[in-house]
Structure formats: C-alpha cells, structure tokens
Amino acid sequence: MINIIKHAFDYIINVGCYEDVHDVHKVKVTNTLALLSALIVVVELFILRFFCNQNVIVLMSLFLIVICISSVFLQYLRHFYLARMMLFISIILYLFLQSFWVVGKDAGVQNTFFTLLPIPL
C-alpha cells in the first residue's frame, strides 16, 4: 500500500517533466506545492466539515482542490507559467480568505497578505 502511494506521489510530482524542459526543478516544485496544498486542504475540509458547519469554507476548499488538479494538468499540457501563476495566486487568496473568516477583520492579519500577493508575479 505504501509503495502504491509512493509511486502515485512520484508520478504526480514528475508530471510535465519532459526532456526538452529546461526548468524541470520549477515544474517539480509547482507539482509538489499543488500536491501538498491539496492534501492539506482535504484534511482541513474534513476537520472543518465535522466541527463547524460552514458551507462557504467547504466550497472554498473544493475550489482550491480543483485549482491544484488543474495546475498539474496545465503542467502536463506544457503551460508552465500559467500553472504556476494560477496555483500561487489561488493559494494566497485562499489563505487571505481563511484568515479573514477565521481570525476576523479587526485583527489586521489580512493586510499582510497584500504584501504576499505580488510575489508570484
């Protein structure tokens, strides 16, 4: 069972790593970030679904999972830049919205994410 999971993760991380791609490490980092983000969001989705019944957070989590899968698929189609930008911006927006709803707007936590938003660009 562990070997199957290891081979599946290895396959996902190497999606889009072609022989003529000069930035293989960027492709692997993007795929790894997509995989880890999807796994974290799935765990968070189960925790939040059972402990607090907020459908907005569940929909946001499902949206980020779709974005993670889409970015890996875009890597497969050789749209590397679009995949990176879509993934990084959606993760930052997800963190921004989560902090806004969980911590609240009075704490000022969401202001720090405005400085993080231009990083992928």
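The values are calculated or read from the model by the stated rules, or taken from the named source; none is laboratory data. None of these values were measured; they are calculated from a predicted model. Cβ: placed from backbone, ideal geometry, glycine included. Neighbour counts: every protein chain shown. Remember, those area values only see protein heavy atoms, side chains included, never the ligands or the DNA or RNA. Shrake-Rupley method; radii C 1.70, N 1.55, O 1.52, S 1.80 Å.
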Note the full-extension length gain between V24 and L59 as 0.36 nm times their separation in residues minus their Cα-Cα distance, in nm to one decimal. 9.4 nm
Net charge contributed by nearby residues that have their C-beta within less than 13 Å of A83 (K/R +1, D/E -1): +3
Contour minus Cα-Cα span, C17 to F50, at 0.36 nm per residue, comes to 8.1 nm
Please compute the alpha carbon radius of gyration of the stretch 15-100, then divide it by the globular-protein estimate 2.2 N^0.38 Å. Two decimals is fine. 1.18
What nm distance separates the two modelled labels at V66 and I5, each placed 7 Å from Cα along Cα→Cβ? 2.8 nm
Students sometimes get this wrong: rank R49, R84 by accessible area, probe 1.4 Å, all chains present, largest first. R49, R84
